[in-house]
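Worksheet: one structure, shown below.
Every number here is computed from the coordinates shown, using simple stated rules; none is lab data. Because the structure is predicted, anything quoted here is derived from the model rather than measured. Note: ideal-geometry Cβ built from the backbone for every residue, glycine included; neighbour counts use all protein chains shown.
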Amino acid sequence: MTTGADLLLSSALRSGIEVCFANPGTTELDLVAALDRARGMRTILGLFEGVCSGAADGYARMAGRPALGLFHLGPGFANSLANQHNARRHRSPVVNLIGDQASWHLAHDAPLTSDIDALTGWCGWTRRVVDADDAGPAMAEAFRTATTGAGRIANLVLPADAMWSGTDREPVAASAEGRRPVADEAVGSAAAALRRPGAAIIAGGARLSEETLRSLGRIRASTGCAVHLTRTARIEVGRHLPAFGELPYFPEPLLGALAEVEVAVLFGVSEPVTFFGYEGVPSRALPTEAERRTLASVDDDLEGAAAALAEAVGAPATVTEPDRPPLPDQPDGPLDPATLGVTVARALPEGAIVIQESVSSGGPFRKWSTSAAPHTIMAILGGAIGGGLPAAVGAAVPPPDRPVIALQADGSAAYTVQSLWTMAREQLDVTVVLLANRRYQILDVELHRAGMDGLGDVAKGLTDLGRPDLDWAALAGGFGVPGQRVHTATELAAALERSLAEPGPHLVEAVLG
Ligand SMILES: Cc1ncc(C[n+]2csc(CCOP(=O)(O)OP(=O)(O)O)c2C)c(N)n1
Ligand SMILES: [Mg+2]
């Protein structure tokens, strides 16, 4: 017999979904059985739902198509929410499957019953599957929703009886809706803006490809405009591409970087705002009087728009980019963000994927990344920490196999540490560089900025992760990932070389002074 669960999965497969990050329970057992029968679907267990949601996000960013997330009713899905939030900010295409009580059992308010719609509405589109026959059309609609524009989250709520009942319907294939082309008027308006003094392109959003970045380089070279990047969910980086500065995180340098802008061309992003509101500091980072013109929104065809703008400003096909500073020699001595950044930039193999949840320690690496071998950087834009290790899991899954390096702050790693086990079980090629500063450093920086650094032991105890120190090398070992601890830049360089040469996951605990 073909069940609703079979129809759901065969429709997913027909639409090109090949991976499911799952943490099931009793209401999902028919899906578990159907996954067993679904040829071509790689099913990966996560030991916490935040691992599954973050992995689906990382997978989507690298593969450019959705994976499935599978969750156990409201409580299971609730555990996944912080990384659903990040996925929403990344505009990742994701299809979530959320089991629910059998339809006739719902009214009895059994222990695991809850308001699932209240949770799914918070992060995306939602559709409840009516019965087994509806499973195919529902999956097709979810797929189209998830793949509209840059991408979004589509949630399917699955009553257990709709999954176990039989159906004779055929699977429904859906195709990606994709991005919208940019209108000629928007290109013309941006080209006119770039002829003015004080013109700047502000680029970022879901994805900046090599082709897009080369077009931006051509535009900059021929118009002399400034190009500022916001942090981007996925960006190609390296000495083979034009280098653009990334806008600073803290408000004062952010506002300073944009102070001279008279006309801003927004490309894949809305106008930049400060991460938080601070008393007396404007939320909008561009000068009030600066004109804003949108060339392309996050859902638009950025490659096409950038190429069209390059033509419109009469940019030559190739331009000479300014010389890139060579990477410094391998440093020695204690590890700090600066020595770590150089060491990692030097060690990057061509084609690496760098997951950056480095929080307060990542600046120097990002600076040197533009002088390093060609690689991809994925940041965590939503600001919900605990996205890095799960994203590394997801990024390591789609072919072609590319080595993943997770620059991972310690406090954030502790939220979703179970990711290490999935890396071990799936033998994913991930090297975790665990940035062990033993504190919530960024909160100390914020306290200092707010003039609150003289606070007492209670406050200090809320940003200090010591007493006891987390033993990351041992934790990794416990989850099945070979771990080691290093204290100097030379030791880190040697550990990276070994980890990157061997297949499978590794963790290097880099103790920062
Ligand atoms: C889900 C979630 N919980 C809490 C926070 C608040 N928060 C932001 S940064 C941070 C500490 C980060 O510490 P760590 O990962 O060690 O990075 P470091 O600041 O040391 O570089 C916390 C608790 C958050 N952003 N998201
Ligand atoms: Mg820390």
Local net charge near Leu119, Cβ-Cβ under 14 Å (Lys/Arg +1, Asp/Glu -1): -2
If you count, for each residue, the other Cβ atoms within 10 Å and average over each peptide, how do 490-501, 417-428, 87-98 line up from highest to lowest? 87-98, 417-428, 490-501
Take the alpha-carbon centre of the stretch 374-410, take the same for the stretch 449-500, and report the distance between them in whole Å. 19 Å
What order do you get for 376-385, 138-147, 446-455 when each peptide is scored by the mean count of other beta carbon atoms within 10 Å, highest first? 138-147, 376-385, 446-455
What length, rounded to one decimal in nm, is gained on full extension from Glu502 through to Asp457, with 0.36 nm per residue of separation minus their alpha-carbon distance? 11.8 nm
For a quick check of your reading of the filter: which GluC sites (Glu not before Pro) in the stretch 215-320 sit in a DSSP loop and have no more than 13 other Cβ atoms within 10 Å? Glu260, Glu279, Glu289
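Taking every DSSP beta bridge with both residues inside the stretch 404-510, roughly what % is antiparallel (nearest 5)?
Taking every DSSP beta bridge with both residues in the stretch 404-510, the antiparallel ones total about 5 percent.
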Over the chain: helical MRE at 222 nm, DSSP H runs n ≥ 4 each giving -39500 (n - 2.57), nearest 500: -10500 deg cm²/dmol
Amide H neighbours of Arg128 under 5 Å, counting only residues 5+ apart in sequence or on other chains, H built in-plane at 1.01 Å? Val157
For the chain, what relative contact order do you get, as a whole percent, if you take Cα pairs closer than 8 Å and at least 6 residues apart? 14 percent
The answer for His506, listing residues at least 5 apart or on another chain whose modeled amide H is closer than 5 Å to its amide H, is Val430, Thr431, Val432
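Antiparallel DSSP bridges in the chain: what percent, to the nearest 5?
Numbers: 7 of 75 bridges.
About 10 percent, rounded to the nearest 5.
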State to the nearest 20 debye the size of the charge dipole of the stretch 194-308 about its Cα centre, where the only charges are +1 on K and R beta carbons and -1 on D and E beta carbons. 300 debye
Scattering curve values for the stretch 1-86, log₁₀ I(q)/I(0), Debye with Cα scatterers, q = 0.12, 0.17, 0.18, 0.22 Å⁻¹: -0.33, -0.66, -0.74, -1.07
Relative contact order as a percentage, the stretch 119-256, C-alpha pairs under 8 Å and 6+ apart, gives 18 percent
Bin by bin, in steps of 5 Å, what percent of the Cα pairs in the stretch 378-464 do you find, going until the bin that has the longest distance? 3, 14, 21, 19, 15, 11, 7, 6, 4, 1, 0
Mind jotting down a quarter of the surface of the convex hull over the alpha carbons of the stretch 329-435, in square nanometres, one decimal? 6.6 nm²
Along the stretch 254-267, Karplus-curve 3J(HN,Hα) (6.51, -1.76, 1.60; θ = phi - 60°) to the nearest Hz, with x for Gly and Pro, reads 5, 5, x, 5, 9, 4, 8, 6, 9, 9, 10, 9, 8, 10
Let me know the Kirkwood hydrodynamic radius for the chain, please, with Cα pairs as the basis and the value in Å to one decimal. 24.0 Å
Over all alpha-carbon pairs of the stretch 223-305, lay out the pair-distance distribution in 10 Å bins, whole %, shortest bin first. 15, 48, 32, 5, 0
Does the stretch 84-168 come out rounded, prolate or oblate, given a ≥ b ≥ c as the square roots of the eigenvalues of its C-alpha gyration tensor, rounded meaning a/c under 1.5 and, failing that, prolate meaning a/b above b/c? oblate
Under the rule of at least 5 residues apart or a separate chain, name every residue whose amide H is placed under 5 Å from the amide H of Ala67. Ala60, Val95
Full extension between Val281 and Leu29 adds, at 0.36 nm per residue less the Cα distance, a length in nm of 85.5 nm
Using the per-residue mean of other Cβ atoms lying within 10 Å as a proxy for protection, in what order, highest first, do the peptides 104-117, 175-188, 20-33 fall? 20-33, 175-188, 104-117
The ³J(HN,Hα) series, computed from each phi in the stretch 160-166 with the Karplus coefficients 6.51, -1.76 and 1.60 at θ = phi - 60°, rounded to the nearest Hz and given as x for glycine or proline, is 4, 5, 5, 7, 8, 6, x
Relative contact order (%) - the stretch 235-307, alpha-carbon pairs under 8 angstrom, separation at least six: 32 percent
The stretch 31-105-the stretch 274-321 distance, computed between alpha-carbon centres (Å): 33 Å
For the chain, with +1 on Lys and Arg beta carbons and -1 on Asp and Glu, the positive-most of Val51, Ser92, Pro75 along the dipole: Ser92
Report Rg (one decimal) and Dmax (nearest whole number) for the stretch 340-389, counting Cα atoms only, units Å. 10.8, 29
